[in-house]
1. Among the residues of region 156-172 satisfying the criterion of being farther than 21 Å from Q207 by Cα and out of contact with any Gly (no Cβ under 8 Å at 6 or more places or on another chain), which is surrounded by the most Cβ atoms within 10 Å (Cβ to Cβ)?
2. For I78, indicate whether it is β-branched (V, I, T) and farther than 30 Å from R201 by Cα.
3. All but one of (1) exposed (fewer than 14 other Cβ atoms within 10 Å of the Cβ); (2) among the aliphatic types (A, V, I, L, M); (3) touching a residue at least 60 places away in the same chain (Cβ under 8 Å) hold for L192; state the number of the condition that does not hold.
4. Mind listing just one residue for me: the one in region 12-49 that is basic (K, R) and closer than 28 Å to E61 by Cβ and, of those, surrounded by the fewest Cβ atoms within 10 Å (Cβ to Cβ)?
5. Which residue pairs have Cβ atoms closer than 8 Å, lie 6 or more positions apart in sequence or on different chains, and pair a first residue in region 142-155 that is on the phi > 0 side of the Ramachandran plot with a second residue that is in a loop (DSSP other than H, G, I, E, B) and of a type in the set (A, V, I, L, M)?
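Derivation of every value follows stated rules applied to the coordinates shown; laboratory data play no part. Note that the coordinates shown come from a computational prediction; the quantities given were computed from them, not determined experimentally. Methodologically, a virtual Cβ is constructed for each residue, glycine included, from the backbone with ideal geometry; neighbour enumeration extends over all protein chains shown.
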Amino acid sequence: QPSHDELDYAALQLSGPDESADRRGRLFPATPYDPVAVEYRRRAESVASLPLPGHAVRPRESAGSFDHRYDADARADIPSDGTWHTVTIGEIPVGLRTEYLAVPSVEQRVYGTLVLSNATDQALLAGPVEVTVDDDFLLTAALPTLAPGGARRMGLGPAEGIQVTRRTHLNESTAGLRNNTTVLDHRVSVELANRLARPVRVEVREQVPVTSESDVRIEERADWAVPDEGAGPDRHAPGTRVWRVELPPGGTVALEGGYEIRIPAAKALAGGNRRS
């Protein structure tokens, strides 16, 4: 027959893994109030309210749905002095690939990015990462959470050594037997110039209109490609198109693209069609 204390469910405590075999993982009445133990417990829990270091993310937020155990390579002593300390748990190899990204329709500037891939069976949680180039420290950035087999892109800031220029031209006309179709011919010209002393790979993104109207047609005329849909922050907006080009040191390239929008005259607004 359970005692009165054993029926006080709110006061029961689950014995931890360091308890003896006959108590481990079982519920027992809590020990009497101990002011010294309460004070030390308060000090231990106060660590949770300390401000995190730059780009650090709490595991409960960064882990998401991952349920994974990390086995440390060796025991470590961590000082209890109220400040953060870095402790090496282990090493996870990560694939790195430098790519450059430009969205000249938004900003005529090229940005450096680092594509990270995790080919292991362990999740790599979000946190700060120090980026070095040729043993020279470049910056500290935020590393996104990488699931096993996953890949993410991390921004490194503007790449001043690569220049991009975008020009557009719009020609409006009519078509059809009774000129009952408005044709908006958009042409896009993008020029890239690599001023760096090494070859680079650049991804240029453009946007093509999308429509849900069956009588509004959009015809593309370009050698750009439709990217993979992506997921999370790397998910592409509908209508995204990309060019991927390799530029040698000092090299330049001109990219030409465009699309036609054919709108029935009854749906065209006078002066309301978007001009780029």
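1. Among those that are farther than 21 Å from Q207 by Cα and out of contact with any Gly (no Cβ under 8 Å at 6 or more places or on another chain), it is I162.
2. Numbers: β-branched (V, I, T): yes; farther than 30 Å from R201 by Cα: yes.
For I78, the condition - β-branched (V, I, T) and farther than 30 Å from R201 by Cα - is met.
3. (1)
4. Top of the filtered list is R42.
5. Sorted first by the residue in region 142-155, then by its partner, the pairs are G149/A119.
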